[in-house]
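Undergrad: I'd like to ask you about the structure that follows.
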């Protein structure tokens, strides 16, 4: 007889362990299958380690520019081996904490690669486990577009293991991952070139934010070529050479392939059990049910934003769905996003073009508040903007920002959008002075038609 659980989760990343923890809180028996390390991409090769690298990069920039603030420091370079050691320490501590939490909550962790062998059974290492409900949370991996990886052609996973600072780097992809690594490497002293096939960097952001980022990157010395896709990447005696479709070539010491992430679903038995896949992604209904048995899918294998906090939300959602609590659906458009390059980008809700397309151009009002008018931003030495998108005589449907540390403002921004606040609702709130948070209040006042400092 197979050991049976109320819930069996296949994958121990952000989405999977969130589903496991919330299910246990509802008194369900839970098993979680993980073939590698608990915490998944986010903890080991994504969110946490990259942000540790970006914090070290921020310190490097601060050291270089400290004298303009009256603080005399000497910048002697970046010891990447020590940066890696610092990063590894953060990851190890979080991993230990997560492992202890799951043990304390009595989630049975099964080590090994699981395969779906029936609508209510998963096989791990020759042992079969059954469950009344199965949650698929097998995560994602870096896309390579068929490029052969090596010491010179790497993905973000390998980039985080470098113990030296490359003299020059080509970054294939100007999205979130590409821009974050380009930003960090530039702070470390690397000469960076970004190749982005679409017309702009961070193409999913609002046009006003894109304009500000590209201007800031140019000022920082980051070179980028947009509007033409790469054709080939080859190793040379000195490094790598990237050839674009228009014949233009670029050379550098290493090449980072940052062209997005694909779902990990192949060979896991999903299709054999009748689950629909599209380009490897698991297709679900709006309540994350696969349409097969009591099988749900969450996180990066579900089409849409590949973000750890979306994974947490979906894991919690499915646990609540299983126990019949009818949880509220959060659309991807209303999930907060932060790109942790310098300057940082935060966004939630509709960009101006998307809002005009959805609600009609004549029904949309926008405002931009320049951070030059914000005291704390001036103290930090950052420029940038807060942009709000609103429906005439209606709620604010989009909040976007760019500037040093502006990602810290995403909390109020997502509350504004998700609670469908009107400009006057936000304008009448008191925002502490001097903080960058005031910029949200200023933008709302301007959208309401009563700007103070704008």
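The values are calculated or read from the model by the stated rules, or taken from the named source; none is laboratory data. Computed from a predicted model, the values in this text were never measured in an experiment. Please note: Cβ atoms are built from the backbone with ideal geometry, for glycine as well, and neighbour counts cover all protein chains shown.
Undergrad: Is region 101-123 home to any residue that is in a helix (DSSP H, G or I), surrounded by 18 or more Cβ atoms within 10 Å (Cβ to Cβ) and touching a residue at least 24 places away in the same chain (Cβ under 8 Å)?
TA: Looking through region 101-123, at least one residue is in a helix (DSSP H, G or I), surrounded by 18 or more Cβ atoms within 10 Å (Cβ to Cβ) and touching a residue at least 24 places away in the same chain (Cβ under 8 Å).
Undergrad: Additional query: Kindly list the number of the only condition in (1) closer than 30 Å to residue 113 by Cβ; (2) free of Cβ contacts under 8 Å to residues at least 24 places away in the same chain; (3) loosely packed, with under 14 Cβ neighbours inside 10 Å that fails for residue 231.
TA: Failed condition: (1).
Undergrad: I've got another one for you. Condition first: in contact with a helix residue (DSSP H, G or I) (Cβ under 7 Å, 6 or more places away or on another chain) and assigned to a helix (DSSP H, G or I). Can you find one or more residues in region 27-37 that meet it?
TA: No - not one qualifying residue is present in region 27-37.
Undergrad: While we're here: Taking residue 310 as the residue in question, decide whether it is in contact with a helix residue (DSSP H, G or I) (Cβ under 8 Å, 6 or more places away or on another chain), modelled with pLDDT of 95 or more and loosely packed, with under 15 Cβ neighbours inside 10 Å.
TA: Answer is no for this residue.
This table checks each residue for (1) surrounded by fewer than 18 Cβ atoms within 10 Å (Cβ to Cβ); (2) in contact with a strand residue (DSSP E or B) (Cβ under 9 Å, 6 or more places away or on another chain).
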position	(1), (2)
261	no, yes
278	yes, no
296	no, yes
302	no, yes
333	yes, yes
337	no, yes
353	yes, no
361	yes, no
366	no, yes
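Quick grid of which residues meet (1) over 27 Å from the mean Cα position of the chain (by Cα); (2) assigned by TED's automatic domain parsing to the domain that holds residue 185; (3) within 29 Å of residue 18 (Cβ to Cβ):
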residue	(1), (2), (3)
226	no, yes, no
238	yes, yes, no
252	no, yes, no
290	no, no, yes
297	no, no, yes
317	no, no, yes
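Undergrad: Given the conditions (1) exposed (fewer than 14 other Cβ atoms within 10 Å of the Cβ); (2) closer than 30 Å to residue 176 by Cα; (3) in contact (Cβ under 8 Å) with a residue 12 or more places away in the chain, report the number of the one that residue 35 does not fulfil.
TA: Of (1) exposed (fewer than 14 other Cβ atoms within 10 Å of the Cβ); (2) closer than 30 Å to residue 176 by Cα; (3) in contact (Cβ under 8 Å) with a residue 12 or more places away in the chain, only one is false for residue 35: (1).
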